[in-house]
Amino acid sequence: MRDYIIRRILGMIPLILIVMIVSFGIFSLVPNPFAALTENPRIKRADVERLKHAWGFDLPWHLRFFRWFGGVVRGDWGPSLLFPGSTAREVIGRALPITMRVMGLEFLLALIIALPIGILSAVKQYSITDYIVTVISFFGMSMPTFWFGLLMMMFFSVLLKRPSGMPLLPAGGLMTPGLEDAPFFVKFGDRLQYLVMPVAVLAFNSIGGWTRYMRTSMLEVIRQDYIRTARAKGVPERFVINRHALRNALIPIVTLVALSAPIVVGGAAITETIFTIPGMGSLIIQAQIKADYPTAMIALMLSSILVIVFNLVADIVYAWIDPRIKYS
Amino acid sequence: MENREVLVDVKNLRTFFYTEDGVVPAVDGIDLTIHRGEVVGLVGESGCGKSVASLSIMRLIANPPGKILSGEIFFHGEDLLKKSDEEMRLIRGDKISMIFQEPMTSLNPVFTIGDQISEAITLHQKIDAAEAKKRTIEMLRLVGIPEPERRFSQYPHEMSGGMRQRVMIAMALSSNPELLISDEATTALDVTIQAQILDLMRGLQKKLGMAILIITHNLAVVAEMAEFIAIAYSGKIVENASAREIFKTPRHPYTHGLLQSIPRFTERKTTEPLPAIEGMVPSPYHMPKGCSFNPRCPFATERCREEAPELEELSPGHLVRCYHPIEY
């Protein structure tokens, strides 16, 4: 098993290299990024040339790739064109922790809620509980986040007010200005209230899907012969479900959850935009629209690497819960 | 023989399934008596309700769609159908055990066989894990599994079908049950393995003295094993007698037909086609009026098409459900 993991990690190196070439290649295909500058009569031709030289755009593409590659490896990811004066690394370094906080919370919350509800829904198939869970799940899956986000905002920020006249929950942003020097728990509580709505909107969406998957998987397992065997030997019903059925039912869920995990870094562009959260999702969109190639390339690369990493994580967890899977 | 203690007494058991296509009277009048330490065979074609009857004794019928409508299942004089779920759970795997048709799918793939047998032991006996392990290894040795210490930590997928059925038997017998229900336990196995498992069950029955209810469609299996045989047809017991009487003087036309359709290598010329019972088992949704066997019966009369016969004792210990039993 250890050998297998080492081999897989080594195998990731060429894969990541390919990802880097493709990320770079895609952005090399875009037409001349300096077009807007050259067309602008107020910018001198010489300045444009100077800029081109500084960013290596006067080199042929393969030399440019090696220059970029060297930079990425050294940690110099190039300048951000979106935020002049900042490097791509600084820009991503600001957005990444914010996204990880929002998405990580969303991810955990959705898992903690969706899996037990899915199990309950399967065990009580066709009961009132099952129908209620089903309706709510489909609602969660079908409700577009931007629309649900706006509804929440209207309800909790516009209609419902605190006695002080402030909205019950802040409509956007990350923290109340002016609290930078407040004690830790005040800052913590303040930040938490900004997270309530975006996390709820995103989690509701994930819970809908995961509940359905968990239910389906559980229903499949509780029909199996070995569940009947467990009952026949007198295992109490809750252990039949939590011990004998659950471990089998989780096997397909692992793939699903592991492959959704990269969003913890990739962010949710729409929800972040609605709640004005300066996270990775909105950063990636803006970087692509506003032709901030260095930032966009790194973001694309990071997302791809995470998909590769979580694939490996899924395979390892598989082997851990299913003894029939042996890697050698 | 007359003084033997009655262990199980099933009286007029009726278990129906309520499906979207209609009501299926899977078991509609099963009467069965099993004495302590006795081997009884319950024989019938697919769909005659023999498995449902055995699952009813274990109270393992999923409700919905199944429901035990009426009848009594006395075990040591107490009606199992009146027991609470928890009381019944404590009986399952302890006093009454069951082994199933599909050894390949009847064991939980994610737990070692040692785990699964030990669980059955610790559920019903107050012993610690180390002792349960000792007992498990003892049971594995008892059912003829080589290298039981090594097999203890193996998973089901590492074993053949015959070995898995031995594991199932070890698990079922680990708490010294008074009744072992074997539901087509050898059907899915190769003929040679089938013989080995039957030998094993017979040997263990002699050694441990439990009663066995053998459910099968295979007359050869009960001929080898059972002292008493009950023949089931479309949810009803049609004939019940000692094995010798069933094979020598079958009184019900269905039993007679079944015995005629067994290939024999000596008595008949091999060029003659094997006699078969005409027609098909009636669809459970459209049971014929009167005796359910009347459309296929060579002796059927007007009365058979109008009213259903009751199970009657024609000679001591020989019960038949027929208006025109075969005379010898």
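The values are calculated or read from the model by the stated rules, or taken from the named source; none is laboratory data. Source: prediction; values computed, not measured. Backbone-built Cβ (ideal geometry, glycine too); neighbour counts: all protein chains shown. Heavy atoms of the whole protein, side chains included, go into the accessibility calculation; ligands, DNA and RNA do not. Shrake-Rupley method; radii C 1.70, N 1.55, O 1.52, S 1.80 Å.
Brief remarks follow.
- Selection within region A:185-236: residues that are assigned to a helix (DSSP H, G or I), of a type in the set (D, E, K, R) and touching a Lys or Arg at 6+ places or on another chain (Cβ under 9 Å). The member of this set that is farthest from residue A:167 (Cα to Cα) is A:231.
- Any pair with Cβ under 7 angstrom, 6 or more apart, that starts in region A:137-161 at a residue that is more than 29 Å from residue A:121 (Cα to Cα) and ends at one that is part of a loop (DSSP other than H, G, I, E, B) and open to solvent by less than 50 Å² (accessible area, probe 1.4 Å): A:153/A:171; A:156/A:169; A:157/A:169; A:157/A:170; A:157/A:171
- Assessment of region A:151-169 against the conditions (open to solvent by less than 50 Å² (accessible area, probe 1.4 Å), assigned to a helix (DSSP H, G or I) and under 30 Å from residue A:213 (Cα atoms)) yields at least one matching residue.
- Residue B:136 meets all of the listed conditions (1) surrounded by 22 or more Cβ atoms within 10 Å (Cβ to Cβ); (2) more than 11 Å from every other protein chain (Cβ to nearest Cβ); (3) touching a strand residue (DSSP E or B) at 6+ places or on another chain (Cβ under 7 Å) but one, namely (3).
- Yes/no for residue B:154 being open to solvent by 10 Å² or more (accessible area, probe 1.4 Å) and either in contact with a helix residue (DSSP H, G or I) (Cβ under 8 Å, 6 or more places away or on another chain) or not aromatic (Phe, Trp, Tyr) (or both): yes
- The strands (runs of 3 or more DSSP E) found entirely in region B:236-328 that carry 2 or more residues being open to solvent by 50 Å² or more (accessible area, probe 1.4 Å) are B:312-315.
- Filter result for the condition that a residue is in a helix (DSSP H, G or I), closer than 24 Å to residue B:108 by Cβ and open to solvent by 40 Å² or more (accessible area, probe 1.4 Å), over B:197, B:193, B:169: B:193
- Within region B:218-228, if we keep just the residues that are touching a strand residue (DSSP E or B) at 6+ places or on another chain (Cβ under 6 Å) and not in a helix (DSSP H, G or I), the residue that is least open to solvent (accessible area, probe 1.4 Å) turns out to be B:226.
- From the options A:251, A:308, residue that is in contact (Cβ under 8 Å) with a residue 60 or more places away in the chain, part of a helix (DSSP H, G or I) and closer than 30 Å to residue B:55 by Cβ: A:251
- For region B:59-91, the set of residues classified as of a type in the set (D, E, K, R), within 14 Å of chain A (Cβ to nearest Cβ) and closer than 19 Å to residue B:49 by Cα consists of B:59 only.
- In region B:139-155, the residues that are within 14 Å of chain A (Cβ to nearest Cβ) and closer than 18 Å to residue B:93 by Cβ: B:139
- Residue count for region B:164-204, restricted to those that are closer than 19 Å to residue B:138 by Cα, more than 14 Å from every other protein chain (Cβ to nearest Cβ) and touching a helix residue (DSSP H, G or I) at 6+ places or on another chain (Cβ under 8 Å): 6
- Per the listing B:181, B:215, the residue uniquely buried (at least 17 other Cβ atoms within 10 Å of the Cβ), touching a Lys or Arg at 6+ places or on another chain (Cβ under 6 Å) and not hydroxyl-bearing (Ser, Thr, Tyr) is B:215.
- Meets criteria (open to solvent by 30 Å² or more (accessible area, probe 1.4 Å) and within 19 Å of residue A:122 (Cα to Cα)) for residue A:243: yes
- For region A:190-228, a residue qualifies if it is open to solvent by 10 Å² or more (accessible area, probe 1.4 Å) and either without any contact (Cβ under 8 Å) to a residue 12 or more places away in the chain or among the polar types (S, T, N, Q) (or both), and the qualifying residues are A:192, A:193, A:205, A:206, A:216, A:217, A:223, A:224, A:225, A:228.
- Residue check for residue B:119: within 9 Å of chain A (Cβ to nearest Cβ), open to solvent by less than 50 Å² (accessible area, probe 1.4 Å) and acidic (Asp, Glu): yes
- Test: residue in region A:78-98 that is among the small types (Gly, Ala, Ser), open to solvent by 40 Å² or more (accessible area, probe 1.4 Å) and on the phi > 0 side of the Ramachandran plot: yes
- Across region A:306-328, the qualifying residues are those that are away from chain B (no Cβ under 14 Å) and open to solvent by less than 40 Å² (accessible area, probe 1.4 Å), and the one among them that is farthest from residue A:262 (Cα to Cα) is A:315.
- Within region A:254-294, helices (runs of 4 or more DSSP H) holding 3 or more residues that are open to solvent by less than 20 Å² (accessible area, probe 1.4 Å): A:280-289
- Residue satisfying all of: in region A:203-256; within 8 Å of chain B (Cβ to nearest Cβ) and among the basic types (Lys, Arg); farthest from residue B:176 (Cα to Cα) among these: A:247
- Residue match in region B:93-115 (condition: more than 10 Å from chain A (Cβ to nearest Cβ) and either crowded, with 21+ Cβ neighbours inside 10 Å or in contact (Cβ under 8 Å) with a residue 12 or more places away in the chain (or both)): yes
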